[in-house]
Amino acid sequence: MQTSFFFNEIQEVQLSYSNIQPKQDRTQIVSSRSAAEALRKKIGNQIDLKEFFYVILLNNSNEVLTIAKISEGGIVSTLVDIRLLFATALKALAVGIIIAHNHPSGKLEASPADKGLTKKIVSAGNTLDIKVLDHIIITNESYFSFADEGIL
């Protein structure tokens, strides 16, 4: 018996790009500190509430195209779908990215899970020719930079 499938409706993917921030208003990331400041401003007073994962999308001059929230989790963790992260970067035509998440606990240590996720994201970025410049863990008081610590 042969079965045939008919699709009445097929999912359609639509990509769009809108550059709403004028070039003269773009922040340029020149250090891990400037990235942390931009993130702290974006996250605001929720930094101690629960864990969030963000990506800073950069052009070739390390100017911020946008800062996008990739996931929102619970008190101690958040799940990151790498496909969604890079779909966002590709839509924005980003040349480089800085990934970041907060630790509501205030601890500035990179966990083994943080290091493993970073390695996977760097590998995917290399495949797509999107440079992962840093992974920043941010708290209300300070930040930890994978690049500054030489573990990127």
Q: Obtain the nm distance between the two label points defined at S31 and K115 by a simple spin-label model: each point lies 7 Å from its Cα along the Cα-to-C-beta direction.
A: 2.7 nm
Q. Roughly how compact is region 31-145, stated as its Cα Rg over 2.2 N^0.38 Å to two decimals?
A. 0.97
(Q) Whole-Hz ³J(HN,Hα) for each residue in region 100-116, computed from phi via Karplus 6.51 cos²θ - 1.76 cosθ + 1.60 with θ = phi - 60°, x for glycine and proline: what do you get? (A) 7, 8, 9, 10, x, 5, x, 6, 10, 9, 7, 6, x, 5, 4, 5, x
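Ranked highest first by the average count of other Cβ atoms within 10 Å around their residues, in what order do 122-129, 99-106 fall? Please report the intermediate quantities before stating the final value.
Values: 122-129: 12.9, 99-106: 20.2.
The packing order, highest mean first, is 99-106, 122-129.
No value in this document is a laboratory result; all are computed from the given coordinates. Fair warning: this is a prediction, and the values are worked out from it, not measured in the lab. Heads up, the Cβs are rebuilt from the backbone with ideal geometry, glycines too, and the neighbour counts pull from every protein chain shown.
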